[in-house]
Structures are given as C-alpha cells and as structure tokens.
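Everything below concerns the one structure shown next.
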Amino acid sequence: MHIYNVFGKRRGVGGNLMAVSEVPENPMDSGLPVTVVISPSEQADVRFRFFYPDSKEAPICGHALLGAASHIDQAAFRVETGAGISDVRKSGDVVSVSMALSTAVTPDFTGQPEPGWFGLEASQILSAGIFSAGKPKWCIELKDISALNAVRFDLDALAAWNRGKNFSGYILYVSASSGWHARASNPLYNIPEDPACAVCCAALPLPLEQPASVHMGYPEYLNLIHLEAKDGKLWVGGKVYRCEQSGAV
C-alpha cells in the first residue's frame, strides 16, 4: 500500500490522507478516509476505483484522485472514474484534475435541512442549493467565518434527510478576508467531516474570473485547494506528498 497526503499547505502541515491499494477494501479501522484501486481502462489511460471506510465504493473522490494520480509516473494523462473521465496534469508536487464547471441542479424533492442540524440559526445562512461539477452537493453559503466555525454536524439527522435524494454530502462555505473557507460532511459514506474535499469545492458556485483557493481543515484550515476555470473546464488542484509504504489492507 502506498499512502499520500493531499492538499496540505506544505509537507507535514495539514492535508488529507489516502492510499493506493491492491484490493477493493477499506476497513473501518484503517485510519484512511479513502483507498484507491488502479486498473487498466478501455476508455482512458487508467481507471481508479474509490473506497470509503467500511469499503463503501464511491464514483469519485477528488483528493484521492489526486493522490492516486501522483502515483502514476506520467506528467499528463486521462483517468476513468465512476463519474466519467478526467484529465490530469502534474507540475512538481502539485497535481490538478479537470472537472466540469459547477452548475445548479434542480432538486428531486421539496424542503431543506434544518439549520439546527448544522448547529446554526437560520439567520446565519445566506443561500443554499444543489450544485455539481460531476457529483452534486448541497452547498450552503454562510454569513461569516464565525458561523462556519460554529458548525456542528448532526450526522444521524443529516444522513436520514440526505438518503434517497439527488445529492451526495454537504459543504458550507464563506468568503473571509483571507479567502474562501469551507467545511464538508458526507454521512452517507461514513465521513463525519472531510477536511479536504476537492469534489465539494468544485461544486461551489464561486466567481472564477480569476483563480481561487479554498481553505479547509477546521479548526486551523491548514488545507488549500486551488480552483481555476480554463478552456471550459474547472481545474482542481493542490500539493501531494508521499508519506510511507506498508503492506496491503
């Protein structure tokens, strides 16, 4: 197994772990948010499969995609995932992957989650809705950074409300003096809080006339995800560092 740290601002500071594994498993006690199995592809240069804790397979995981891409000894190539095909480019310790530009998604249901399920008051929420860059997320813009810091996810309530709807997980975000900050949770995939979710950041309806960065990893926000809209695509990237090597899961 090969373990990587993705989106840390520098080596040993922040980041989200993932591993490249030979088997399609990720036990609950592995300590790894995601493992990736790499195999040949008939549609692209390589195929990635993603496994969350308890070996739940997901169509794509952004930070794990970048970590597994770092494992491939090529500067540019195409990857097949359960969410489609993405282009990858690498420059030093920075890896970027292409996704579709974020678009609004019409809900297949009525109603909204209760603010209290996030530990918030209704007055702290500016807007909310489903947006997607390939994997729909419930995106909630908050009033200020203090509201984001106050977020506490009621996992049981959120998972119950999420179930059967046309989106996967939640991301709450705010514009602060130091840039965009965000927190994400995906209780359906046994992820109470994801400190570096590239797919979530890609879904955010941000103005991208210029490249933007999103700080994640509450409470210190030590993770950094870069977003750039170019040639009709959204490039999502960050730093990837090799951690260690161990036996298979």
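All of the numbers you see were taken from the coordinates with simple rules; none came from a lab. Since this is a predicted model, take the numbers as computed values, not measurements. Note: ideal-geometry Cβ built from the backbone for every residue, glycine included; neighbour counts use all protein chains shown.
Using a Gaussian network model of the chain in which every pair of alpha carbons under 10 angstrom is joined by a spring, one finds that among Asn16, Asn186, Asn166 the greatest mean-square fluctuation is at Asn166. Placing R0 at 51 angstrom, the Cβ-Cβ distance between Gln74 and Gln112 gives a FRET efficiency of 0.70 after rounding to 0.05. Counted by Cβ distance under 14 Å from Glu220, the other residues give a net charge of +2, where Lys and Arg count +1 and Asp and Glu count -1.
In a simple Cβ point-charge model (Lys, Arg +1; Asp, Glu -1; nothing else charged), the chain has a dipole of about 420 debye relative to its Cα centre.
Around the Cα centre of segment 34-114, unit charges on the Cβ atoms of Lys, Arg, Asp and Glu (plus for the first two, minus for the last two) sum to a dipole of about 180 debye. By the Cβ rule of 4.7 Å, the chain holds the following cysteines without a possible disulfide partner: Cys61, Cys139, Cys201, Cys243. For segment 103-227, the Cβ-based charge dipole about the Cα centre amounts to some 220 debye (Lys, Arg positive; Asp, Glu negative; other atoms uncharged).
Under the simplified labelling scheme, the Leu101-Glu25 pair shows an inter-label distance of 4.5 nm, with each label point 7 Å from Cα along Cα→Cβ. Stretching the chain fully between Ser55 and Glu209 yields a gain of 51.6 nm (0.36 nm per residue, less the alpha carbon separation). With Cα atoms defining each centre, segment 1-52 and segment 188-243 are spaced 16 Å apart in the structure.
What shape does segment 1-96 have by the C-alpha gyration tensor, where a ≥ b ≥ c are the square roots of the eigenvalues, rounded means a/c under 1.5, and otherwise prolate means a/b greater than b/c and oblate the rest? Oblate.
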